[in-house]
Amino acid sequence: MRAGPRLSAHGGGRQAAALGRAGPLSRCAARPERSMVRGSGAALRRYGTFIDDLRLYVRGGTGGMGYPRLGGEGGRGGDVYFVAQERTTLKSVKNRYPQKRIVAGTGANSSVRALKGEKGKDCEVHVPPGISILDDDGKQIGEVNAAGERFLAARGGLGGSLATNFLPCKGQKRILHLGLKLIADVGLVGFPNAGKSSLLSKISHAKPEIANYAFTTIQPELGKIMYADYKQILVADLPGLIEGAHANKGMGHKFLKHIERTKHLLLVVDISGFQLSTKTPFRTAFETILLLTKELEQYKEELLTKPALLVINKMDLPCAKDNLNELMKQLQNPQDALRLLQEEVIPENTLKFRDIIPISTYTGEGIEELKACVRKSLDEEAEQENEEYRKKKLLLLQTAGEQTRRG
């Protein structure tokens with residue numbers, strides 16, 4: 001039995017899904033296996049073995065000695081490069097350089113047989129695509145986003161020559177931070193226990209940990225949606241946010257930074273509401289949407305400009321349909337509801353949803369429809385980008401033609 005028709009908020013006759021304020025949804029008893037373990041120690045678990053930040057000492061090679069009597073020049077020291085490579089992780093970089101120290105080769109000395117010394121061996125460090133390189137002050141000095149892209153991390157020193165009194169120069173040395181932001185087509189965003197891990201396992205071949213406590217996902221998980229025509233869409237299940245994540249509460253920034261490089265946002269909300277613990281307030285589905293929007297907004301306002309879809313999960317629960325009807329009224333008439341909520345949960349801006357899809361990861365309701373909506377939204381966005389590119393290209397050609405005629 002379907003959870004109800006797909007409710008859309010994008011284009012032509014689709015209903016607007018503006019965010020607003022409203023009274024609480026009626027509470028329903030959740031299935032026992034989905035109930036949250038109050039005060040669970042899971043919140044204190046490690047951030048897994050996944051590494052998304054690594055501090056390294058890098059130094060270019062020292063130059064070679066010059067040969068004063070014959071005016072020979074020493075070879076230049078080798079350079080250190082970061083090179084993006086698929087199927088590489090920061091953990092593998094750490095394992096390869098356990099001392100977190102990377103030094104390039106020393107340049108060859110000048111000699112009677114070779115007045116021009118050979119350059120020292122360059123050191124290429126393979127890193128995953130999506131790496132931001134920051135100096136020790138936290139300033140970003142570069143990034144590598146696609147396989148094959150290179151970044152010069154430390155330049156080798158000059159070899160000894162007349163200009164240096166034939167003495168070699170030391171290579172550039174730096175302390176750098178490598179920060180990884182996952183690159184994915186779609187990022188799953190939601191509070192703990194909303195069903196993101198279950199959803200990822202339903203729409204892809206990924207096998208994330210699924211359990212009945214709040215913090216199941218403690219590291220990002222990646223999965224691919226495979227379509228009949230062999231189209232593939234990469235989905236990232238990002239660990240559950242909590243209120244205050246934008247201020248780095250919990251592990252807020254570790255989680256939020258991965259959202260920056262996803263093309264689309266997929267907000268996953270429990271229709272029965274959410275409560276992190278007995279010490280935190282219960283939030284209705286509507287309040288959850290507002291709070292998720294506010295966390296994204298306060299971390300980085302540009303995130304709200306990304307195309308977004310809203311997934312209403314656990315539609316198999318009792319009272320789910322009634323709660324969904326009430327939620328849709330709140331989304332469609334926000335101004336009637338906002339007066340009933342506290343300021344702390346209301347974002348400055350709203351997040352417009354291209355589609356609103358009720359699903360149940362427990363029964364499988366709406367999963368195929370969701371996959372179709374994700375595909376359609378990504379295709380529409382790609383077509384729009386292509387159209388904008390064609391317009392810019394045409395404008396450049398027209399401008400060049402006018403300049404040629406005038407000349």
Coil-residue trypsin sites (Lys or Arg not before Pro) of region 251-307, DSSP, other Cβ within 10 Å capped at 11: K279
Inverse mean reciprocal Cα-Cα distance (Kirkwood Rh) of region 306-346, Å: 12.1 Å
q = 0.11, 0.13, 0.21 Å⁻¹, region 45-202: log10 I(q)/I(0) [Debye, one scatterer per Cα]: -0.55, -0.69, -1.17
All lysines inside 21 Å of K306 as judged from Cα atoms, apart from same-chain residues fewer than 8 positions distant: K181, K196, K224, K254, K257, K263, K294, K352, K371, K376
Region 305-407: GluC sites (Glu not before Pro) in DSSP loop, at most 16 other beta carbons within 10 Å: E348
Estimated inter-spin distance, H205 and A400, nm [label 7 Å along Cα→Cβ]: 4.4 nm
Rounded, prolate or oblate (a/c below 1.5 giving rounded, otherwise prolate when a/b exceeds b/c) for region 241-391 by Cα gyration tensor: oblate
Cα-projected label distance for D135 with E368, points at 7 Å along beta-carbon direction, nm: 5.7 nm
Cβ-derived FRET efficiency at R0 25 Å, E301 paired with D322, nearest 0.05: 0.15
Length released on extending from M226 to T278, taking residue separation times 0.36 nm less the Cα-Cα span: 14.7 nm
Aspartates and glutamates whose Cα lies under 14 Å from that of K91, excluding same-chain neighbours fewer than 8 positions away: D52, D53
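We did not get these values from a lab; they are worked out from the coordinates using the rules stated. Only a predicted model underlies this, so the values are computations on that prediction, with no experimental measurement involved. We place every Cβ from the backbone using ideal geometry, glycine too, and count neighbours over all the protein chains shown.
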